[in-house]
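A short write-up of the structure that comes next.
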Amino acid sequence: MERISGIGVSPGIVVGRVFVLDDESRRIPRRSIKPEDIDRQLARLEEAVELSACELERVREQAEQDIGREAAQIFGFHVSMLRDKVLMEGIQKLVREELITAEHAVDTVFQQWADRFRAMPDSAFTTKVNDITDLSSRVLAHLIGEHGTSLEEIEDGAIVVAAELTPSQTVGFDRDKVIAIATDFGGRTSHTSIVARALSIPAVVGLGSLCNRLSDGDVIIIDGGRGMVIIDPDDDTIEHYLSEEVVRGEHQMTLREMAKLEPITTDGVEIQVLGNIEFAEEVGPVLEFGGEGVGLYRTEFLYLAGEREPTEEEHFAAYKECVERLGGKPLTIRTMDLGADKYTQAQSRNPERNPALGLRSIRYCLKNLPLFKRQLRAILRASALGPVKLMLPLVTSIDEVRQSKHLINDIMEDLAEEGVAFDRDLQIGIMIEVPAAALMASNFAREVDFFSVGTNDLVQYTLAVDRTNEKVADVFAPAHPAVLKLVRDVVRAGRRREVPISCCGEAAGDIEFAALLMGLGVRTLSVSPGNVPGIKRLIRSISIARCERLAKKAISFDSDTQVSMYVRDRLRKILPEAYDNVGSRRG
């Protein structure tokens, strides 16, 4: 018997036999064409894209019946991407200029997009790679024929194990046969994970090399709440897990209902729970899971989607769609946060040796003013349509804030002269992501309207740990006392100046860290859509007074291990059943 830990993305416990899905990507050879064949290749491309789009519309319609309208919007996003003008222009350009077949151009361009997403240090983007793979496979299937898999061979009661699954594969499973899924790759925020949760299929992802350890017919246990896979379990273990599932299955219904309830602590303090998104289509899941708006809209996709920088109109269209989907709920747009990723460095004439400490985020924007102005103009225009806030990333000095505000004021004057509507009282905030910003929070509080603590980078820069490096992953600890003290000081500085503080890092979706944040004085949490119900359950199960005692004691320890053990022990006593399903970070 062997236990393997991964990331639990859809709760539930099942025992079943393995079906290994061997779906390796095929290699598309480069074949040249003659100039007179260009039109035929472009016609083939247009037909394949249109067939794929129609196919996805049918998938979306069926998904609406199976998993609900909001979650099915994932496939609406796929259709939008497939019909993206920049994407199609890139493929057509390759066919014309390189004189290659449509299928090789499709394979090349989609692979470039996947590489860009994969190179981003933010896991919110890397988890979208399988969406791109899904689209590529679909278009190629119409160009050169179906890529054969063995899905039709699945028997009843199967647990599908694969290196990775696409959203359309997941939504297309026969639920009478597939009872759980487990994959080597993936993350909590991937669209495949969202689909699995919507379908209530127990799922664990990020398991490493599970595929290589299993064969068809092997018996395993999937624990989607704890993120655990047990290979070849003995009879006692099977009996233990199956008896436990009865209780936890009932509790999961309560978790679904939790999305509709107000996030108010047991002593009457209201906590605002918002969602983090990368695409307008993700507004649907945020609202479906009970989010009160969007606390972080990452805008990097607009730059990664094509070979050229997005226009002002393309920015505006994306922001307008978000505002409309939110229907009056707040939207916080973070300005472009590029520069530390591999893709941006690859485009540079002189790549930086250490881009994480180089020209990135707000520094990059202030060195590229035309680029920055286009985005700021679009955000200001969108602010006339609904409640919008503007947030500057990776700020380290007061000068960066003042330069940005001066630029925004200039743009406001230009828009006013042009007769273009915008919110003259647009709130401008900063992300607290580096120790310098945390230590100077009282000074920043005089300049901005709100703070948002970005734990991903704050932990990285405080502890000198590359959060994308698996060799030091165990050292990346949001609950480190040094990080907690910085957050405490930021909250105190904000309160003195009546500047609201939120937390939008991934750690905010972890019940241990969320309880500490509330104890330190944070009253707004912005998390991945799927984490919203679990965080609301935590809020409704605990008092602020209890959180304050937790935080006061935790901050007195001298190691993150002590903090995690202490908080975990206390939370298990307060809400033991919820603790198993939220997916807390392992210390």
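Among the candidates Ile398, Ile408, the residue that is at pLDDT 95 or above and closer than 30 Å to Gly327 by Cβ is uniquely Ile408. With over 26 Å from Gly291 (Cβ atoms) and not β-branched (Val, Ile, Thr) as the only criterion, which of Arg549, Arg495 stands out? Going through Arg549, Arg495 in turn, the sole match is Arg549.
Among the residues of the stretch 24-37, at least one is in a strand (DSSP E or B), over 17 Å from Ser137 (Cβ atoms) and at pLDDT below 90. Of everything in the stretch 201-239 that is more than 22 Å from Phe173 (Cα to Cα) and assigned to a loop (DSSP other than H, G, I, E, B), the residue that is farthest from the chain's Cα centre (by Cα) is Asp234.
So for the stretch 392-399 (the condition being free of Cβ contacts under 8 Å to residues at least 60 places away in the same chain and on the phi > 0 side of the Ramachandran plot), does at least one residue qualify? No, the conditions are met nowhere in the stretch 392-399. The condition of being at negative phi and at pLDDT 80 or above holds for only one of Ile91, Ile144, Ile154, that being Ile91. Residues in the stretch 386-415 that are under 16 Å from Leu331 (Cβ atoms) and surrounded by fewer than 18 Cβ atoms within 10 Å (Cβ to Cβ): Pro387 alone. Taking the criterion of being more than 24 Å from Asp234 (Cα to Cα), in contact with a Pro (Cβ under 9 Å, 6 or more places away or on another chain) and among the hydrophobic types (A, V, I, L, M, F, W, C), the residues of the stretch 178-220 that qualify are Ile194, Val195, Ala196, Ala198. Residues that are assigned to a loop (DSSP other than H, G, I, E, B) and either in contact with a Ser or Thr (Cβ under 9 Å, 6 or more places away or on another chain) or at pLDDT 85 or above (or both) were ranked within the stretch 164-174; the one that is surrounded by the fewest Cβ atoms within 10 Å (Cβ to Cβ) is Glu164. For residues that are of a type in the set (Gly, Ala, Ser), within 10 Å of Val388 (Cα to Cα) and not in a loop (DSSP other than H, G, I, E, B), tally how many sit in the stretch 315-336. Counting residues in the stretch 315-336 that are of a type in the set (Gly, Ala, Ser), within 10 Å of Val388 (Cα to Cα) and not in a loop (DSSP other than H, G, I, E, B) gives 0.
The values are calculated or read from the model by the stated rules, or taken from the named source; none is laboratory data. The structure displayed is predicted, hence computed values, not measured ones. Using ideal geometry, Cβ is built from the backbone for each residue, glycine included, and neighbour counts are taken over all protein chains shown.
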